[in-house]
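In what follows, a structure is listed as C-alpha cells, so that the remarks can point back to it.
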Amino acid sequence: MITIVDYKMGNLMSIQNMLKKLGYEAQITSDPDKIRDASKLILPGVGSFGAAMAAITELGITDALNQFVLVDKKPILGICLGMQLMCSYSEEGNIGGLNWIDASVKRFPKVVNEGKLKVPHIGWNKVVGSSEFLKDDTENKFYFVHSYFVELNLKEEQLMESTYGISFCSAFQKDNILGVQFHPEKSHKFGMHLLKTFAS
C-alpha cells in the first residue's frame, strides 16, 4: 500500500487522485502504525518549514518516519516542502529538519537574474538529468511553486537540476530516499511518468 503522510499541510487529494488515475491505491494517514506498515511513502507539503516540522512532532510520527526510512529502508518520495523536510537544516525558521539528507534549504536571492525573475518561483521549468524518473523522448518540464531551494553537501546525491536565475537541485536521491522540488501531481505527462515509476 502506498501511503501519503498527512501532517495537515499539502494537497494530499491531488496526489491520491493522480495515483488512482495511474491505477494505484493510496491511503492518506497520520497514524504511526500505518506509516510503518506502508510499502511506500509519499511525504508531500505546501507551506512553511517550521510549521511543518512542528506538525510532524505534534502528531507523533517522527519515530515512525525514521523507522520506515532509516531502519526498514523502504522507498519514500518527498514532494516540494516534503523534499525540503528531508534535509538537515532550513533557513526558513532557522531550524533543523528530519536530517536524512546532508543538505541545507536556502531562500532564493531577493534579486534573481538582476530583478527580471520574481520570487517565489512559480510555473513550468525545464528539469535536466539522467534518471528513470524522467521521460527520455522529450524535454522534461515540471510545475514549481517555491521560494526556497535545496543545496546539497554531497553533489553525487543530485538527481536533477533546474535553473531559475541560479542553478539549483530539483531532485535528489540517496538509496531509498527520493525528493523532488516540483509538483509531479500538477505536471501532466511528466509527473505521471515520475509517479508511475516510483509506484511500480
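Looking at the range 134-146, which of the residues that are surrounded by 13 or more Cβ atoms within 10 Å (Cβ to Cβ), touching a Lys or Arg at 6+ places or on another chain (Cβ under 9 Å) and part of a loop (DSSP other than H, G, I, E, B) is modelled with the lowest pLDDT?
Lys135
Is one or more of the residues making up the range 34-47 in contact (Cβ under 8 Å) with a residue 40 or more places away in the chain, more than 22 Å from Val105 (Cα to Cα) and not charged (D, E, K, R)?
No, because not a single residue in the range 34-47 is in contact (Cβ under 8 Å) with a residue 40 or more places away in the chain, more than 22 Å from Val105 (Cα to Cα) and not charged (D, E, K, R).
Filter the range 1-16 down to the residues that are touching a residue at least 24 places away in the same chain (Cβ under 8 Å) and closer than 19 Å to Leu194 by Cα and list them by number.
Of everything in the range 1-16, those that are touching a residue at least 24 places away in the same chain (Cβ under 8 Å) and closer than 19 Å to Leu194 by Cα turn out to be Met1, Ile2, Thr3, Ile4, Val5, Gly10, Asn11, Leu12, Ser14, Ile15.
Among the residues of the range 122-133, write down those that are surrounded by 15 or more Cβ atoms within 10 Å (Cβ to Cβ) and under 26 Å from Asn99 (Cα atoms).
Residues satisfying the conditions are Val127, Gly129, Ser131, Phe133.
For Gly82, indicate whether it is assigned to a helix (DSSP H, G or I) and surrounded by 13 or more Cβ atoms within 10 Å (Cβ to Cβ).
Here the answer is yes, as Gly82 does meet what is asked.
Based on this model, can you work out whether Leu178 counts as buried (at least 21 other Cβ atoms within 10 Å of the Cβ), under 25 Å from Gln67 (Cα atoms) and of a type in the set (A, V, I, L, M)?
yes
Can you name the residue in the range 1-27 that is more than 15 Å from the chain's Cα centre (by Cα) and closer than 19 Å to Met86 by Cα and, of all such residues, is surrounded by the most Cβ atoms within 10 Å (Cβ to Cβ)?
Ile2
Inside the range 59-73, can you point out the residues that are within 18 Å of Ile101 (Cβ to Cβ) and not in a helix (DSSP H, G or I)?
Asp72, Lys73
Quickly run through the range 85-116 and pick out the residues that are closer than 20 Å to Met9 by Cα, out of contact with any Ser or Thr (no Cβ under 9 Å at 6 or more places or on another chain) and in a loop (DSSP other than H, G, I, E, B).
If the condition is that a residue be closer than 20 Å to Met9 by Cα, out of contact with any Ser or Thr (no Cβ under 9 Å at 6 or more places or on another chain) and in a loop (DSSP other than H, G, I, E, B), then Met86, Asn94 are the ones that fit.
Test Ile56 against the criterion of being buried (at least 17 other Cβ atoms within 10 Å of the Cβ), part of a helix (DSSP H, G or I), touching a Ser or Thr at 6+ places or on another chain (Cβ under 9 Å) and on the phi < 0 side of the Ramachandran plot, and give yes or no.
yes
Taking the range 147-159 on its own, how many of its residues are among the acidic types (Asp, Glu), touching a residue at least 12 places away in the same chain (Cβ under 8 Å) and not in a strand (DSSP E or B)?
1
Which condition from (1) touching a Leu at 6+ places or on another chain (Cβ under 7 Å); (2) surrounded by 16 or more Cβ atoms within 10 Å (Cβ to Cβ); (3) among the acidic types (Asp, Glu) is the one that Asp102 breaks?
(2)
It is to be established whether one or more residues within the range 119-141 are in contact with a Cys (Cβ under 9 Å, 6 or more places away or on another chain) and at positive phi.
no
The values are calculated or read from the model by the stated rules, or taken from the named source; none is laboratory data. Keep in mind the model is a prediction, meaning the values are calculated, not measured. Every residue, glycine as well, gets a Cβ built from its backbone with ideal geometry; the counts of neighbours run over all protein chains shown.
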